[in-house]
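Derivation of every value follows stated rules applied to the coordinates shown; laboratory data play no part. Note that the coordinates shown come from a computational prediction; the quantities given were computed from them, not determined experimentally. All Cβ positions, glycine included, derive from the backbone under ideal geometry; neighbour counts span all protein chains shown.
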Amino acid sequence: MRMNKVFNVSADCKPELHYMVDISEQLDQIKAMVDAGQYFTINRARQYGKTTTLNALENILKNEYVVIYLDFQLLGNADFETEHTFVEAFSSELLESIENIPEEIRTKLDAFANDGSYKWKLRNLFRVLSRWCHISDKKIVLMIDEVDSVTNNQVFLDFLAQLRGYYIKRNKVPAFHSVILAGVYDVKSIKRKIRTSDEHKTNSPWNIAAPFNVDMSFSKEEIAGMLRDYEEDYHTEMNIDDIATLLYDYTSGYPFLVSQICKLIDETVAGTDVFPVKALAWTTQGFLEAVKMLLSENNTLFESLEGKLIDYPQLQQTLYFLLFGGKTVVYNVFDVAVNNAIMFGFVRKQDGNIAVSNRIFEILLYNYFLTSAEAQNSSIFRAASNNKSQFIRNGRLDMDVVMKKYVEHFDSIYGDKNLEFDVEYKNGKTKQAAGRYK
């Protein structure tokens, strides 16, 4: 038994160490885009499996292409202060990350990285990269992870503009066969961060990007496959279909949430007094216990989401209205707050409207708004806190008591009034009626 194999929620997943969903179908779709020579961005929320996907993609591509795979998170803000510092840092990263660089190209990159006597420009770097594409026996694919980690400056935009320029002219000037930029932020949103009068610079880098429509969430069947891998090791006799359904229903396949709940069941729920062995933990009751633990922990994903709510007040207002407004929120392509909510993973598009991405996020957001300082200082919150104990029986919500109190409260307000109200039938038609609520 592979005792060292675990559910992973930190950094990228490795098949030999971690229980993983089979993402071969997604990889095939992305490779098809690369084979077609497309320039595209993979923008997904935090901990959505972007790095794991890029690592797996590199392994698939490296036999057919020269793959330049860089991580901009390894570069600091100082590296983007001027063209010279960027060229120096970019060249150093290339030399450290890529094997088998042609000697002619290595010599040039070494000069960029170490010869501070000349203030190198982006045009110098791209001429060398173009030369590399020209002399290479294989087509070259550029992949940059965490591309949005240092995006609030003009040098980054100039770099994107150069990429665009060479990509457009690739039939005349040697250039990368395909370009993949991965990060949380849609590259188009970067222009809102930078104030510049040069619209050409702020608009040109992304108007050639192909749409990326690959679904990177896990399906119920993919989750079940990962659970079968686990079951081969531990023989818990879990009902794999039931657990996979629960995981999907609560997470909608959000990779971090799926893995974290599984990790909690395996490592934290199992071994407790109520669930002393793994077989008891991998049940509906064990799953719900893991969900409760998840919602009470302060993990990196939840910290990131909270930070976005603080940094983007309009985003917070949109989510509050979605949860408490009682009305459908229609998707509007020009609504910045809605697009930010989608980009950060809070919501998804659904039948022309927006909806909270998954049940976990829905509960998390309700908790966030209902336990905020403003909510806790309200008279309604204080009254609810004082009275909530009467609705709890043996740690569970007693719905019979809830409904009884609802009827009593509603009747005390409207019981002596004749009201008109609409009765909705199954066929969708409504009929106006009058009478007393009883």
With a sphere of radius 10 Å drawn around the Cβ of E146, what net charge do the other residues whose Cβ falls strictly inside it have (Lys, Arg +1; Asp, Glu -1)? -2
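Ranked from highest to lowest mean number of other Cβ atoms within 10 Å per residue, what is the order of the peptides 260-267, 62-69, 114-121? Present the calculation step by step, with values, prior to reporting the outcome.
Numbers: 260-267: 21.9, 62-69: 16.9, 114-121: 12.0.
Put in order of decreasing packing, that is 260-267, 62-69, 114-121.
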Can you work out the Karplus-derived ³J(HN,Hα) for every residue in the stretch 255-267? Use 6.51 cos²θ - 1.76 cosθ + 1.60 with θ = phi - 60°, whole Hz, and x for glycine or proline. x, 4, 5, 4, 5, 5, 5, 4, 5, 5, 4, 6, 10
Taking the convex hull of the Cα atoms, report for the stretch 24-206 its projected area averaged over all directions, in nm². 10.4
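Any of K50/K138; K119/K308; K220/K263 with alpha carbons more than 28 Å apart? Name them for me.
On the way: K50/K138 25 Å; K119/K308 38 Å; K220/K263 17 Å.
Checking Cα-Cα distances, K119/K308 exceed 28 Å.
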With T236 itself left out, Lys, Arg at +1 and Asp, Glu at -1 over residues whose Cβ is under 11 Å from its Cβ give -4
Could the peptides 230-236, 313-319 be put in order, highest first, of the mean number of other beta-carbon atoms found within 10 Å of their residues? 313-319, 230-236
Neighbour net charge for L264 - beta-carbon separation under 15 angstrom, K R +1, D E -1: -1
List every residue whose amide H lies under 5 Å from the amide H of V347, counting only residues 5 or more places away in sequence or on a different chain, with H placed 1.01 Å from N in the peptide plane. I342, S357
Give the peptides 84-93, 268-277 in descending order of average Cβ contacts within 10 Å, highest first. 84-93, 268-277
Sequence-separation-based contact order of the stretch 1-86, relative, with Cα cut under 8 Å and 6+ spacing, percent: 21
Over the stretch 24-206, calculate the relative contact order: mean separation of alpha carbon pairs under 8 Å at least 6 apart, over the residue count, as a percent. 31
